[in-house]
Each structure stands twice: as structure tokens, then as C-alpha cells.
Amino acid sequence: MTCSLCNKPDVELQNSHIIPKFIFRFIKKTGGSDFLRFAENPNKRVQDGFKRYLLCLDCEQLLNTWETDFSKQLFYPYYDNKEIILNYNDWLIKFCVSISWRNLILSKLDNNLEHLTPKQLVTANLALKVWGDYLLGKKPNPGSFEQHLLLLDSVEEHTFKPEDVPPTLNRYLNRAVDLDIMASPNQVFIYTKLPLFLIIGIIDMKSSKKWVNTKVKLSGKISSKVDRKISGLIGDRINAGGKKMAKILQSYSPNQQKLIDNTIENNIERVANSESFKSMQDDYKLFGKHVFFSKKEDL
Ligand SMILES: [Zn+2]
């Protein structure tokens, strides 16, 4: 088999994670129960497709080094302290590129790029090539195929119309994994939502004027205190992700709901101390009773 990244033929392919393993370990470790863990993952495609035979052992290990850097230097420190200030070098952009690359190649292999125009498809394939070359050290930077990173936290107030904001918003921001290829006539973004972080790989962007303090550079400083601005399209996509999550929670059958309730009851201490529960409390502060889905008419 041929490695999707380095194109070496006749190699034994590894069963590679599309979303790094440490993310799922984090979700499991900090969740109240395994049932909640599934409830928090609104994208079915992530659940049944987050591992693929994609990479040779060398490439797998290459991507792994940046995953370790991201997890140790940014992911867990930010989870522990939202006031983080951090100097980074190229591990951050390498990690973001590797995530956007994996999201895009998965979509290509699964024939999920049909919503792109022929011209956008050509650009997407070029981005895959440039990102691949950058990861392999054949290019000094990813050029116009930029990476943007958002650090997420619970929302206490917002300026959207109430009906546009899902009651699961904070659980979505803090807990969900969600992958998408966003395309409009002028723009194509690779959208990878992880717990607490959103990575946007740019394929085609009309104007970057509205984006402030989100671009990942070859080296730089991250401070959670600076204001970040992104295009309204991304804000809308975040809300749509939260709504999808609300729908999934609401769609549980009474039996599944009972099973979840029993699990919570039997693990009440673990649930109360879990991040899922804290995010639910944050949603409760923001949305009141609509946060719970025990009765459909509540929505
Ligand atoms: Zn390889």
C-alpha cells in the first residue's frame, strides 16, 4: 500500500487516528460517564471513521511528535488555566496543518467533497499537496493555505439572537469533536472542532480582514487575553454544531435516556466533578431550563 502523506509505495499502513488519540483520552477521562461521552460527540462520521489506514510508520511517528507538543504545551495547560500566555515555535503550525490535512484527506477518501466546485476541488488538492510537503519538510511554510486557531471557553453572554444559539453551546465548545469542509461560492474552510480548540485550515478565503489574532505563525505568542475575531460564517457554523448536538441529545429513546440517567445516578460523584457536568452547568447559567431535554416541548 502507498502512504497518503509521503507517497512511499509498498509500505505497511498504520491504522491512523484522524483526530489524535489524546483528545479521546481527554474526553473519556473528564466525562461523567461513557454514555455522556457519546452524547457529546455529535458527528457520527467522527465516531465511526476516526481511524483509517493512511500513513506509513515514519509519517505516523512524525505527526505524533507534534501531537505530543500540542497536548503538553497548549492543550492541557489551557485546560488547567484559561489565562494562558505561551511562546510557541513551529510545532503549533505543524500540528494544525496535520489536523487540517487529515480532515481534508478523510473527506476526499470518503467522497465528501461533492459540494465543492471543480475550481475549488483543484485548490483543495493543491492545499493537500502543499500541506503534505510542509509536513515533510519540503516547503518552509504552508503559503496561502493558512491555519487559524481559536481557544474556546464557556460563553457567559452573547450578542446573537436567542433563537440562533443552541442550549448546548457550552457543551459543544468544551466537549465536542466535529469535522466539516465548509464551502460557499467564495470561501472554503477546513473546520476541525476539538474540545476547547477550533482549527480552521484555509483553502480559499475572500478576505481575511475580519480575522484578528487567529493566524498561526511559524513562531509567536498565544495569549488568551487578546481579542480574537473571526468571520461570522464560523460563528454560524459553531451554533449549527451546537444545534446538531442538541438534536442528538433530544433524539435519544426513553430507554437510552433511562440508561443515561441510571449511569449518572450510580456515578453521581464522578458526574458532579466531571467536565461534562460543569459545561452543562455553564449552559444552565446561560439558558436556564432549556438546557435539559427531558421534555420535548421545553425546546
Ligand atoms: Zn509515509
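Looking only at the range 130-142, count every residue that is surrounded by fewer than 18 Cβ atoms within 10 Å (Cβ to Cβ) and in contact with a helix residue (DSSP H, G or I) (Cβ under 6 Å, 6 or more places away or on another chain) and tell me the total.
1
Of the conditions (1) out of contact with any helix residue (DSSP H, G or I) (no Cβ under 9 Å at 6 or more places or on another chain); (2) within 30 Å of residue 279 (Cα to Cα), residue 111 clears all except one; give me its number.
(2)
For the list (1) away from the ligand (no atom under 16 Å from the Cβ); (2) at pLDDT 85 or above; (3) surrounded by fewer than 13 Cβ atoms within 10 Å (Cβ to Cβ), I need the number of the one condition that residue 47 fails.
Checking residue 47 against (1) away from the ligand (no atom under 16 Å from the Cβ); (2) at pLDDT 85 or above; (3) surrounded by fewer than 13 Cβ atoms within 10 Å (Cβ to Cβ), the one that fails is (2).
Looking only at the range 30-43, decide whether some residue is at pLDDT 85 or above and not in a loop (DSSP other than H, G, I, E, B).
no
Restrict the check to the range 110-129 and report whether at least one residue is touching an Asp or Glu at 6+ places or on another chain (Cβ under 7 Å), farther than 21 Å from residue 194 by Cβ and among the charged types (D, E, K, R).
no
Out of 149, 113, which single residue is of a type outside the set (Gly, Ala, Ser), within 26 Å of residue 225 (Cα to Cα), under 20 Å from the mean Cα position of the chain (by Cα) and not in a helix (DSSP H, G or I)?
149
Taking the condition of being more than 26 Å from residue 70 (Cα to Cα) and outside any loop (DSSP other than H, G, I, E, B), how many residues in the range 152-178 meet it?
3
Just to be sure I understand the filter: pairs with C-beta atoms under 6 Å, separated by 6 or more residues or on different chains, first member in the range 15-32 and in contact (Cβ under 8 Å) with a residue 40 or more places away in the chain, second member aromatic (Phe, Trp, Tyr). Which pairs pass?
18/50; 19/50; 32/277
Of all residues in the range 154-192 being charged (D, E, K, R) and out of contact with any Asp or Glu (no Cβ under 9 Å at 6 or more places or on another chain), which is farthest from residue 108 (Cα to Cα)?
Within the range 154-192, the match that is farthest from residue 108 (Cα to Cα) is 157.
Look through the range 52-78, keep the residues that are hydroxyl-bearing (Ser, Thr, Tyr) and surrounded by fewer than 17 Cβ atoms within 10 Å (Cβ to Cβ), and return whichever of them is nearest to the ligand (Cβ to nearest atom).
Looking at residues that are hydroxyl-bearing (Ser, Thr, Tyr) and surrounded by fewer than 17 Cβ atoms within 10 Å (Cβ to Cβ), I get 53.
The values are calculated or read from the model by the stated rules, or taken from the named source; none is laboratory data. Bear in mind that the values here come from a model prediction, so they are computed numbers and not experimental data. Positions of Cβ are backbone-derived with ideal geometry, glycine not excepted, and every protein chain shown enters the neighbour counts.
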